[in-house]
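Below is one structure, written out as structure tokens; the observations come after it.
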Amino acid sequence: MVVMTLEGIGISFGDAPILQDVTQGIDEYDRIGVIGINGTGKSTLLAIAAGALEADTGQIIRRSGLKVAYLPQNPVFDPERSVLENVVQNIEQDREFWNVQGEAAAMLQKLGIEDPNSMPGTLSGGQRKRAALAAALLTPSNVLILDEPTNHLDHEMIEWLQNQLAGYRGALVMVTHDRYFLDEVTTTIWEIDRARVYSYPGNYEKYLQTKQERMDYALAAERKMAALYKKDLAWMMRGARARSTKQKAHIQRFEALRDREKIVEERNVIIESIPSRMGNKTIEARMLGKSYGGKRLFHDFSYTFLKNDRIGIIGSNGCGKSTLIKILTGMLEPDEGSVERGQTIVTGYFGQEYEDLPGTDTVLDVVRGMGEYVRTGDGLITASAMCERFLFVKSKQYTQVAKLSGGEKRRLHLLRVLMGAPNVLVLDEPTNDLDIQTLQILEDYLDHFSGIVIVVSHDRYFLDRVVNRIFSFEGDGLLHQSEGGYEEYLAHKEAMNGEDGPGSDEIPGTAGTARMGGAPKSRGTVNPAGTAGASGSSGITDASGRKSGNRVPAPRRKLTFTEQREYATLEGIIDELTEKSEKLAEEMLQVSTDYVKLQELAEEKQRTDAELDEKIERFLELQELVESFGGK
């Protein structure tokens, strides 16, 4: 049953149309994820659907008695009321006999707000967003509209929210750039592209497949029309005359082809820069410790960063992740220990805040502030050309920063960081407010970045895609080390927790606060002695190959055991899938008159081909790794 219909919705800001003739329906149990590049109108669409913004054209048709709960991108609080009062102010009238304050206080604490009676002015931006999320979740509704609900949530909170939404009895419409979250929660994807909204059934993974098919078909059709137009143009140039009905129709076809809306391949952000040369000495942390307000965040952290390290730092909100990376970059001083940085180290810090972007300056002013020219692999290019590579077209380059969307400001902030030619990239929650397309390009850029990458993130997909070593805050003040991405970290943690108990061994050289269980070679704790808890001799090897008194595992030189096993079996699996696909194609020819059977075989072949493509892609990925390790 349709509970809300967006009919012919259109809105413009200035001369630029943001949304145009948007017509979509929302059923009572829909789970809709809204995606698109920054600045295309995702937040605007949600605000219109929620009734917080009025469209220029069209109308919203709502079922009688429909209740909508809305989490805006930038929530506003009454500064004269406590956080708890702000959360429950629109709820009490609907639930007279429900202990709304008790449940609200419990949810706020679950979301990391320890004092629900504090005033909004004392909260950080992330805490305000989480408090507003609690208000939206607690408000009785038939339609729940959430704008970036996973921003500022740690991993445990994201999983908790996932479970909350799984039990929600109503329609859900949300904007999020968390791809794992989209896959788990949504059943429909709305993509905003060139002011239009396209609907795709299925989750994010299904959307990628369906969209590629749509684009391939559209581009193929466009190539055919372009070829036909070229042929008709030659005919017109030969002096065609509308002397017959046939010629008139030919001319009309030419004019329709000439005036058609041309299909072009999507423009993506192009991220490119040449990092500064890095010498032998990188960044060396020795026995770092930091406390705030009597709370000890971490202590005894020692690590020497190696060239091309890809480090992820994870933990609950408030545990000290951002504090640690600010100490590593020199933005903060530690209470204990020291950090030494090589003279050639150039750090690019992409943080959560970008208040230093001058609101009255234009986009081009900000970029020119870093330099009139940028050196890339193609040589020197102008600041304006660099803006265009980041999807700031000529007209947008003269827009004041204050008028950009949150995501556009993040993209501009990233551009400014990369223009500094860093050889150490420090990314603090880089996925907040960046659209999926930009994230994908950033991930590809990091694959080829010849320097050190340090990432603090709650985005599980991004961590799996980018890092190969994780340091995790586990609540004991020590940073625990795990090889691989986030999925490997979870497996290591599960193994450690499952095997931790009587008979498990302490990590050699530790203070006895962490145990390894049965996985001593894959997981360790960075501790007072710097011992990583992995097998092998002690001592950190720095960038020049020298050993100090501590030890850090060397960068990967071969496939992991799991990868070796997978690599050894993939060729056989690919052969089997290829044979199966060919067999299904033959069977389809034999049953061409039996529509039902033909449909079944076609669907099975489509699944087989998709799996085959996936296995081939994974085989090539592992093969590249093997070659990079010198064939080992």
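The values are calculated or read from the model by the stated rules, or taken from the named source; none is laboratory data. Bear in mind the structure is a predicted one, so any value in this text is a computation, not a measurement. As a convention, Cβ positions derive from the backbone with ideal geometry for all residues, glycine included, and neighbour counts pool all protein chains shown. Remember, those area values only see protein heavy atoms, side chains included, never the ligands or the DNA or RNA. Shrake-Rupley method; radii C 1.70, N 1.55, O 1.52, S 1.80 Å.
Brief remarks on what is shown
- Residue in the stretch 5-14 that is under 26 Å from Ala166 (Cβ atoms) and not in a strand (DSSP E or B) present: no
- Residue match in the stretch 315-337 (condition: free of Cβ contacts under 8 Å to residues at least 24 places away in the same chain, basic (Lys, Arg) and closer than 27 Å to Gly485 by Cα): yes
- Residue in the stretch 79-87 that is open to solvent by 20 Å² or more (accessible area, probe 1.4 Å) and hydroxyl-bearing (Ser, Thr, Tyr) present: no
- Any hit, the stretch 53-75, residues being β-branched (Val, Ile, Thr), open to solvent by 80 Å² or more (accessible area, probe 1.4 Å), under 31 Å from the mean Cα position of the chain (by Cα) and closer than 23 Å to His177 by Cα: no
- So Ile18, is it over 21 Å from Ser141 (Cβ atoms) and either assigned to a loop (DSSP other than H, G, I, E, B) or open to solvent by less than 50 Å² (accessible area, probe 1.4 Å) (or both): yes
- Residue that is open to solvent by 50 Å² or more (accessible area, probe 1.4 Å), of a type outside the set (Gly, Ala, Ser) and under 28 Å from the mean Cα position of the chain (by Cα), where the choices are Arg375, Arg296, Arg341, Arg310: Arg375
- One residue from Leu414, Leu427 being in a helix (DSSP H, G or I), crowded, with 21+ Cβ neighbours inside 10 Å, in contact with a strand residue (DSSP E or B) (Cβ under 8 Å, 6 or more places away or on another chain) and not basic (Lys, Arg): Leu414
- The residue that is nearest to Gln162 (Cα to Cα), among those in the stretch 440-471 that are open to solvent by less than 10 Å² (accessible area, probe 1.4 Å), assigned to a helix (DSSP H, G or I) and in contact with a Lys or Arg (Cβ under 8 Å, 6 or more places away or on another chain), is Glu443.
- Cβ pairs under 8 Å, 6+ apart, first in the stretch 280-298 and farther than 10 Å from Ile327 by Cβ, second open to solvent by 90 Å² or more (accessible area, probe 1.4 Å) and among the polar types (S, T, N, Q): Lys281/Gln343
- Positions within the stretch 160-202 being more than 26 Å from Pro430 (Cβ to Cβ), among the hydrophobic types (A, V, I, L, M, F, W, C) and in contact with a Phe, Trp or Tyr (Cβ under 6 Å, 6 or more places away or on another chain), in sequence order: Val197
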